[in-house]
């Protein structure tokens, strides 16, 4: 490999996990966005009913799944005009491999971002360029990522910002790919898809969606692309050769999950309630909460080195993620995940309050 992959960031967090586990009441792990709430029973039932699957699935997805994704994209994302859909083996697959599939040599990605955007560019041997939100300032490149709502910050792009990204795509005739995996989890805001602003002209526009958080299906590895039919056809052909097929039982589970909104609304309420419980304790401890208007995380700072904040929480048995994992601009922030049980969130807030009381 001509370019070397960055170190896996969570390895450097391990010593703080050891410290947190030494707390008398045990570890509360708020460092990773791994869902802990049960996969809905009706989704599990769909998986069980279709577990007899001796044949190979097709890369394009079953007609039923394609129809359900298309209808969901129209109703939920506001997609119009000609567009295609494509099931994925989790959204991380496409984030890591899309620059390779598109043979990109220069990739733009958010300057505070999920590390796999950079990894995908490195795997493609491409030049990776971190950029701010304002697409009017972006340089020319082969493709650009947009992430709204953002992981890690919970920032939600405005209509103007998404339209500027579309304008960049049309000016340079290059793809813009919007990672919208947290779209369903607004907290006082209603995030919108880039596809709702294309006016039905979806050339070079793709949106990535996942059921991992939306439906607590991270272990199923079910996600999908929506957008430019020509781009998706190109990606599909490469994936057919590479054997990137979503298992058929998972496709049936995806159909079930996308057919129900009630469980998504319930999950949103859970995450937002957890944020509402933990945020005041963090503010009392001197943290300023920035953005955090959607998604699964609290993005906060005490205007100190992130590792110092991580260490302080680890002394309370709470494990958080340093913002430096997501880029240099995050070096004084930490990311705290709401992917813990209600009991653990309550316990974390109590531990912080108790620590402040003994100062």
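Each value in this text was obtained by applying a stated rule to the coordinates, not by laboratory testing. On a predicted model such as this, the values are computed, not experimentally measured, just so you know. Cβ atoms come from the backbone with ideal geometry, glycine included; neighbour counts cover every protein chain shown.
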Segment 218-240 versus segment 283-359: alpha-carbon centroid distance in Å: 35 Å
Those residues of segment 224-250 whose amide nitrogen sits under 13 Å from the label point placed on residue 103, 7 Å along Cα→Cβ: 234-235, 238
Gained length - residue 111 relative to residue 346, 0.36 nm times residue gap less alpha-carbon distance: 81.3 nm
Rounded to 5, percent antiparallel among DSSP beta bridges of the chain: 55 percent
Degrees, to the nearest 10: 159-172 long Cα axis against longest axis of the chain: 50 degrees
Which of 232, 129, 94 has the fewest Cβ neighbours within 10 Å, and the rest in rising order: 129, 232, 94
Protection-proxy order for peptides 42-51, 140-149, each taking the mean of Cβ atoms within 10 Å per residue, highest first: 140-149, 42-51
Angle between the chain longest axis and helix 342-357 axis [Cα atoms, degrees, rounded to 10]: 40 degrees
Simple label model, 7 Å out from Cα along Cβ direction - residue 269 to residue 233, nm: 4.5 nm
Distance between modelled label sites at residue 328 and residue 10, nm, 7 Å Cα→Cβ extension: 2.7 nm
Cα-based shape type of segment 41-261, given that a ≥ b ≥ c are square roots of the gyration tensor eigenvalues and the cut on a/c is 1.5: prolate
Global form of segment 1-160, assessed from the alpha-carbon gyration tensor, a/c cut-off 1.5: oblate
Between 0 and 90°, nearest 10: helix 262-284 axis offset from the chain longest Cα axis: 30 degrees
Nitroxide proxy distance, nm - points 7 Å out along Cα→Cβ at residue 21 and residue 160: 4.9 nm
Relative contact order, percent, the chain [alpha-carbon distance under 8 Å, six or more residues apart]: 26 percent
Extension gain from residue 262 to residue 201, taking 0.36 nm per residue of separation minus the Cα-Cα distance: 18.8 nm
The chain, helix-only ellipticity at 222 nm - DSSP H runs n ≥ 4, -39,500 (n - 2.57), divided by all residues, nearest 500: -11500 deg cm²/dmol
325, 224 arranged by Cβ crowding within 10 Å, fewest neighbours leading: 325, 224
Cβ-Cβ FRET estimate between residue 56 and residue 140, R0 fixed at 41 Å, reported to 0.05: 0.50
Taking 179, 311, 25, 82 and counting other C-beta atoms within 10 Å, the order from fewest to most: 25, 82, 311, 179
Spin-label zone in segment 292-311 - amide nitrogen under 18 Å from a point set 7 Å from the Cα of residue 359 along the C-beta vector: 300-306, 308-311
